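Worksheet for the structure shown next.
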Amino acid sequence: MTANKSTNQAFVIDADKGLQKLIAVLAAEGYQVVGPRLEDGAIVYAELASSADLPVGVKDKQDGGNYRIVKGREGVYFDYVVGPHSWKRYLFPPEQKICEFRRQGKAFRIVEETPDVPAYAFIGARPCELQAMQIHDRVFDNGEFADPAYLARRDAAFVVAVNCTQAGGTCFCASMNTGPKASGGFDLALTEIAEKSRHVFVVEVGSQRGQEIVAKLKGAAATDGDVSKADALVKKAAAKMGREMVDDVGPLLKRNLESNRWYEISKRCLSCANCTLVCPTCFCNTVEDVTDLTGANAVRNRRWDSCFTMDFSYIHGGSIRREGASRYRQWMTHKLSSWFDQFEQSGCVGCGRCITWCPVGIDITQEARAIRDSEGRA
Amino acid sequence: MNQMAALVDPMVPAPFRIERVKKELSDTFTLDLVPAERKRSISFLPGQFNMLYVFGVGEIPISISGDPGVGDKIVHTTRAVGNVTNAMWKMGVGQTIGVRGPFGTAWPVEEAEGSDVVIVTGGIGLAPLRPAIYQILANRQAYGNVCIMYGARTPEDILFRKELEKWRGQFDMQVDVTVDHATGRWGGKVGVVTKLIGRGGFDPHHTVAFVCGPEVMMRYAVDTLVERGVSEKDIHVSLERNMKCGIGFCGHCQLGGDFVCKDGPVFPFDAVADRFVIQEL
Ligand SMILES: Cc1cc2nc3c(=O)[nH]c(=O)nc-3n(C[C@H](O)[C@H](O)[C@H](O)COP(=O)(O)OP(=O)(O)OC[C@H]3O[C@@H](n4cnc5c(N)ncnc54)[C@H](O)[C@@H]3O)c2cc1C
Ligand code: SF4
Ligand code: SF4
Ligand code: FES
């Protein structure tokens, strides 16, 4: 992640050899390359040794509460969209050690932790995910306080974006203005053109670092034809997007904090926290202080947490959000409404994960529409 | 990148040594803390809090209850109610406590100059207001009438009793105390603290009010102040939420669009009024 604007100059690389080379070059530059892999029936983000580790010729079928891998177009690399993982697990790991404490008689000493800062190269970050990263940049550097470990990892990461030429079954990025084409926040952005006679990636350059890597790939300059073909593929994906967020959802939800709908949703919601864990922007965490068996050393860890748990809002005397309805309201209004007050942008990027991975298929776009439709009907 | 990694992590506490322990009430105590390693001057604003860490047990938000004019120690007054606070209760002089802070917004003590000041508080809520009282008293002539209205459960639960008595005897402020239940030889007022507001000697149109206590009590206090004619923007409340970081990272303290740790804990009432009426927000 460095510059935000892409330069106009685009390149074309061969799909197989080019991608293989890209991963090899990044690895040779010392990056730890991470990208999509097919594991246990889902596309997850894991370390890649070479392009052979990428899922090829597979698609995902997604719907509310439903995720399935099926056969896709033969030889195509990025025919699927996002799975249960997001890059936050690398930039903001599920569990991080903050520091240690060593007992010394009556007192204790603090041992600071040198943060683990691998230089990652992310292969296949989708446009909505780039936006999610930019959202976290604001969360973890809020003007008053900054999380140095996050910033260091983020700064070191090399981002290879992939524009979406397929719309996932639960995606709604087009209505959130976060995709399906990346407009910034990448070092390189690829668009896959898979035709019978020709299978290539159009490569856009988004930073100086990207420029340096692309120079090593020895790609040809992209023709206007390549660029417009890539654009057309992405536009087609935008047109096929099955879901859509209602307009002005922020003020809508703010007007409806006491809607009956929250109770209706809570009859279905299991408070399982899946949505917050798969969401690429949810950042809530808790701090755990524990001692070892000797009692001489204590460790402070930070781990992902979710507003769906009872403990989350606990204060002496009881939790603030006791009802499932108020916990669901916190989740949905935070993503779509109060995030604007906090960070002047939406906390939802329209990736659809929370819809797909909800065991009962609760759909945030549908719930927003239901609240809109209930307005005026007391 | 390396430059950023070198930034200090705001989640790592600094060690402080307990210099003095004072039992205030049967369940409430005050700790004076001094930096354990390097000397550093301590500055904070009345109403701000620190995250206090007890070795291996946990970390909790506690307001600063000391005098902002005293720069060599920090003072916290805590009621033992659970895990961390009970562990802290058992600690003694010489032991270490981890401190992160000060965090959060302050009582607008300077902005209140020229006005009457009304302080309405109950129970442990007096602790976060004591620094404001010290600061006002240090510059007493800058203010109009100053009224403290304090409610405790029983006469035995009156926090900082000696100081309340002293302030009351100073002829330059009104100090009213009430208890929920009279015990022993209590001859003072009985009833909720909000009843004192009606009698308070202040000019509602030129008053700044600081309110801190349980949320229900604050709700009634605000209502009564507004009834008397104090404007919502001149009423300041201190809110309490679960807090794991104090710096806007953990999400626990959210109240709609505000992080209570960073945008609060002290809010002008008109900024949170809409959310105050919604259950379980
Ligand atoms: C800004 C602020 C200032 C405060 N100032 C004071 C003060 O000056 N004096 C004082 O006695 N108390 C104060 N409190 C309340 C104090 O933080 C809680 O009493 C304390 O967290 C209870 O922790 P525990 O582990 O003893 O209790 P447990 O009930 O065992 O709590 C378990 C966990 O729940 C959370 N929790 C429980 N109660 C509260 C609570 N009331 N507020 C926030 N989190 C809670 C904490 O994360 C705690 O670690 C303040 C709270 C806030 C938010
Ligand atoms: S709220 Fe749902 S759709 Fe929006 S970013 Fe999070 S997981 Fe994706
Ligand atoms: S939706 Fe819940 S878990 Fe996600 S960021 Fe908001 S408060 Fe945190
Ligand atoms: S206490 Fe963590 S965000 Fe406020």
Starting from the range B:136-154, keep only residues that are surrounded by 17 or more Cβ atoms within 10 Å (Cβ to Cβ), then list their pairs with residues that are of a type in the set (K, R) and modelled with pLDDT of 95 or more whose Cβ atoms are within a distance under 8 Å, requiring at least 6 positions of separation or different chains. B:V146/B:R140
Can you name every residue in the range B:91-105 that is within 12 Å of ligand 1 (Cβ to nearest atom) and more than 10 Å from every other protein chain (Cβ to nearest Cβ)? B:G101, B:P102, B:G104, B:T105
Requiring at least 3 residues that are within 26 Å of B:V99 (Cβ to Cβ) and open to solvent by 20 Å² or more (accessible area, probe 1.4 Å), the strands (runs of 3 or more DSSP E) wholly within the range A:55-135 are A:95-104, A:107-112
Any residue at all in the range A:297-309 that's assigned to a helix (DSSP H, G or I) and either open to solvent by 60 Å² or more (accessible area, probe 1.4 Å) or farther than 29 Å from A:C128 by Cα (or both)? no
Inspect the range B:157-166 for any residue being modelled with pLDDT under 95 and charged (D, E, K, R) and give the result as yes or no. no
Within the bounds of the range B:10-18, is there any residue that is at pLDDT below 95 and basic (K, R)? no
Does the range A:302-319 contain any residue that is farther than 22 Å from B:I278 by Cβ, more than 8 Å from every other protein chain (Cβ to nearest Cβ) and at pLDDT 95 or above? yes
Qualifying position, being open to solvent by 20 Å² or more (accessible area, probe 1.4 Å) and at negative phi, among B:T78, B:T105, B:T96, B:T30: B:T105
B:G114 fails exactly one of the following numbered conditions: (1) within 14 Å of chain A (Cβ to nearest Cβ); (2) outside any helix (DSSP H, G or I); (3) surrounded by fewer than 23 Cβ atoms within 10 Å (Cβ to Cβ). What is the number of that condition? (1)
Open to solvent by less than 10 Å² (accessible area, probe 1.4 Å) and either of a type in the set (G, A, S) or in contact with a Phe, Trp or Tyr (Cβ under 8 Å, 6 or more places away or on another chain) (or both), is that true of A:F145? no
Those residues of the range A:272-296 which are more than 16 Å from ligand 4 (Cβ to nearest atom) and modelled with pLDDT of 95 or more, in sequence order: A:C272, A:A273, A:N274, A:C275, A:L277, A:V278, A:C279, A:P280
Qualifying residues in the range B:236-265 (those that are over 22 Å from A:S337 (Cα atoms) and among the small types (G, A, S)) - the one nearest to ligand 2 (Cβ to nearest atom): B:G246
Evaluate the following for B:P10: is it more than 14 Å from chain A (Cβ to nearest Cβ) and either part of a loop (DSSP other than H, G, I, E, B) or on the phi > 0 side of the Ramachandran plot (or both)? no
Please go through the range B:233-281 and pick out each residue that is touching a Pro at 6+ places or on another chain (Cβ under 6 Å) and free of Cβ contacts under 8 Å to residues at least 60 places away in the same chain. B:K233, B:L239
Condition (residue is within 13 Å of the chain's Cα centre (by Cα) and assigned by TED's automatic domain parsing to the domain that holds B:V266) applied to the range B:136-149: is it met by at least one residue? no
Within the range B:214-251, tally of residues that are near ligand 4 (Cβ under 7 Å from one of its atoms) and touching a Ser or Thr at 6+ places or on another chain (Cβ under 7 Å): 2
Checking the condition polar (S, T, N, Q), without any contact (Cβ under 8 Å) to a residue 24 or more places away in the chain and not assigned by TED's automatic domain parsing to the domain that holds A:F140, which residue from A:T309, A:T281, A:T294, A:T276 passes? A:T294
Residue under question is B:D180, and the condition is that it be more than 16 Å from ligand 4 (Cβ to nearest atom) and either open to solvent by 20 Å² or more (accessible area, probe 1.4 Å) or among the polar types (S, T, N, Q) (or both); does it hold? yes
If B:V175 passes every condition in (1) part of a loop (DSSP other than H, G, I, E, B); (2) modelled with pLDDT of 95 or more but one, which one does it miss? (1)
Any residue in the range A:220-237 that is touching an Asp or Glu at 6+ places or on another chain (Cβ under 7 Å), open to solvent by less than 40 Å² (accessible area, probe 1.4 Å), more than 16 Å from ligand 2 (Cβ to nearest atom) and touching a residue at least 60 places away in the same chain (Cβ under 8 Å)? no
Return the total of residues in the range A:312-335 being more than 14 Å from ligand 3 (Cβ to nearest atom), open to solvent by 20 Å² or more (accessible area, probe 1.4 Å) and touching a residue at least 24 places away in the same chain (Cβ under 8 Å). 1
For the range A:88-147, name all the residues that are small (G, A, S), within 11 Å of chain B (Cβ to nearest Cβ) and touching a residue at least 12 places away in the same chain (Cβ under 8 Å). A:A119
The residue that is farthest from A:E204 (Cα to Cα), considering only those in the range A:154-186 that are charged (D, E, K, R) and open to solvent by 10 Å² or more (accessible area, probe 1.4 Å), is A:D155
Consider B:K22 against the criteria (1) part of a strand (DSSP E or B); (2) more than 9 Å from chain A (Cβ to nearest Cβ); (3) touching a residue at least 40 places away in the same chain (Cβ under 8 Å): it satisfies all of them except one. Which criterion is unmet? (3)
Qualifying residue in the range A:352-365 (condition: over 19 Å from A:I265 (Cα atoms), within 16 Å of ligand 3 (Cβ to nearest atom) and not assigned by TED's automatic domain parsing to the domain that holds A:I110): no
May I ask you to list the residues in the range A:320-378 that are part of a helix (DSSP H, G or I), of a type in the set (A, V, I, L, M) and within 13 Å of another protein chain (Cβ to nearest Cβ)? A:A325, A:M332, A:L336
Given the structure, is A:S346 small (G, A, S), within 19 Å of A:C279 (Cβ to Cβ) and crowded, with 23+ Cβ neighbours inside 10 Å? no
If the requirement is being open to solvent by 20 Å² or more (accessible area, probe 1.4 Å) and either within 20 Å of the chain's Cα centre (by Cα) or in the same structural domain as B:T207 (by TED's automatic domain parsing) (or both), which of these qualifies: B:L25, B:L52? B:L25
Residue selected from the range A:273-289 under the condition closer than 12 Å to A:F308 by Cβ and out of contact with any Ser or Thr (no Cβ under 8 Å at 6 or more places or on another chain), by the criterion nearest to the other protein chains (Cβ to nearest Cβ): A:C275
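The values are calculated or read from the model by the stated rules, or taken from the named source; none is laboratory data. Given the structure is predicted, the values throughout are model-derived calculations rather than measurements. Neighbour counts run over all protein chains shown; Cβ positions are idealised from the backbone, glycine included. Each accessible area value is taken on the protein alone, full model and side chains, heavy atoms only, with ligands, DNA and RNA left out. Shrake-Rupley method; radii C 1.70, N 1.55, O 1.52, S 1.80 Å.
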